[in-house]
Amino acid sequence: MGLDAIETTIQAAGLTFPALRAGTTGPLVVCLHGFPDNYEGYRSIATTLAAQGYQVVCPLLPGYSPANQRQGGTHNALYVRDVLTELVEVLLKETGQVRCHLVGHDWGCVVACLMAEHRPNLYFSLCAMGVPYGMSWAKMVVRCPSYLLHAWYILFFQFRGLADWLIRRRRFAFLAWLMKHWSPNYAGMQTMQQSVIQTFEKPGVLKAALDYYRTSMFSMTPQGFEIRALLNKTIHVPTLALRGQHDVCLPESVWEVTSPRAFPNGLTLEVLAGAGHFIQYEQPDAIAQRLLRWFKQAGLGA
């Protein structure tokens, strides 16, 4: 395996994870994608990091491949947290390391925050992209009620059967529109849309991806309340948070819910000018360079 990101598989938690990997030596970096997405947004970033002496692994989230879908249960955030924690432990053992850097975008960001809160001893640093930490419906209503208009798709996803059918129509035209809506200025959107739709055309992927919304912090189930509570705890891992200036999915006002007090070891929040929601696609070079500086800051596993 060289510096270029290649497609491979990893065995963990009784599942097979398709993944991108780049680099063979150096500190480990694990990157998690979101919705609707796959690992392709990290390809350029992984190659750049590998060229600077890092090993980078970008797995498909649980459920985003027929090979890593849960049998007999839902893909709720706690299940995903625990499965990906096992994946990280496998990678650390394989590479002979005790900690890694964790990067997440969108749902990958939510899960990465849960992972860092749950097992902070496994991580040098956390980079949380696209989603603020500390989200709850109560905070949203009080601090940024306008977000409820942006969150219409979450309510739509709760209509089982109907939402699934509408999303699948015309070869997932809804997902293509949603990606464009969230990152309206991204010139490479057509290529991204084609790649993501190919992922969602595989058996079980759409159902698993919607599980994240239907069983986790957006639901009114006991598990939903538990996950919301976990997303308002303390993260004892140095954290860099990145968002796009023109993110239509999660606008600037939503980030007001994030409190620096939840990050006793430091929180740095930065805005990528001109970018929308899918910042790793839109500005991969800028993110790669920012991550390199972040990893080296205070000797964080560099």
Can you find a residue that is more than 18 Å from the chain's Cα centre (by Cα), in a helix (DSSP H, G or I) and crowded, with 16+ Cβ neighbours inside 10 Å anywhere in region 257-271?
yes
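Looking only at residues in region 212-246 that are assigned to a loop (DSSP other than H, G, I, E, B) and polar (S, T, N, Q), which one is surrounded by the most Cβ atoms within 10 Å (Cβ to Cβ)?
Among those residues, the one meeting the criterion is Ser216.
Name the single residue, out of those in region 221-262 being free of Cβ contacts under 8 Å to residues at least 60 places away in the same chain and not β-branched (Val, Ile, Thr), that is farthest from Leu102 (Cα to Cα). Walk me through how you get there before you give the answer.
Going through region 221-262, the residues free of Cβ contacts under 8 Å to residues at least 60 places away in the same chain turn out to be 221-222, 224-225, 229, 245, 252, 260-261.
Filter once more, keeping what is not β-branched (Val, Ile, Thr): 222, 224-225, 229, 245, 252, 260-261.
On the way: Pro222: 28, Gly224: 24, Phe225: 25, Ala229: 22, Gln245: 23, Glu252: 23, Pro260: 19, Arg261: 20 Å.
Looking at residues that are free of Cβ contacts under 8 Å to residues at least 60 places away in the same chain and not β-branched (Val, Ile, Thr), I get Pro222.
Based on this model, can you work out whether Phe172 counts as touching a helix residue (DSSP H, G or I) at 6+ places or on another chain (Cβ under 8 Å), within 19 Å of Ala262 (Cβ to Cβ) and of a type in the set (Phe, Trp, Tyr)?
Working: touching a helix residue (DSSP H, G or I) at 6+ places or on another chain (Cβ under 8 Å): yes; within 19 Å of Ala262 (Cβ to Cβ): no; of a type in the set (Phe, Trp, Tyr): yes.
Spelling it out, it is not the case that Phe172 is touching a helix residue (DSSP H, G or I) at 6+ places or on another chain (Cβ under 8 Å), within 19 Å of Ala262 (Cβ to Cβ) and of a type in the set (Phe, Trp, Tyr).
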Anything in region 158-170 that is at pLDDT 95 or above and surrounded by 12 or more Cβ atoms within 10 Å (Cβ to Cβ)? List them, or say none.
Ala163, Asp164, Leu166, Ile167, Arg168
How many residues does region 163-183 contain that are touching a Phe, Trp or Tyr at 6+ places or on another chain (Cβ under 8 Å) and free of Cβ contacts under 8 Å to residues at least 12 places away in the same chain?
1
For the structure I just gave you, tell me whether Val248 is touching a Cys at 6+ places or on another chain (Cβ under 8 Å) and at pLDDT below 95.
no
Tally time: how many residues in region 13-25 are part of a loop (DSSP other than H, G, I, E, B), out of contact with any Asp or Glu (no Cβ under 6 Å at 6 or more places or on another chain) and modelled with pLDDT of 95 or more?
2
Residue count, region 188-211, condition assigned to a loop (DSSP other than H, G, I, E, B) and either closer than 30 Å to Pro120 by Cβ or free of Cβ contacts under 8 Å to residues at least 40 places away in the same chain (or both), comes to 1
Among the residues in region 282-292, are any at pLDDT 95 or above, aliphatic (A, V, I, L, M) and within 29 Å of Arg171 (Cα to Cα)?
no
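The values are calculated or read from the model by the stated rules, or taken from the named source; none is laboratory data. Please read these numbers as outputs of a predicted model, since none were measured by experiment. In this analysis, Cβ positions are derived from the backbone assuming ideal geometry, glycine residues included, and neighbour counts consider all displayed protein chains.
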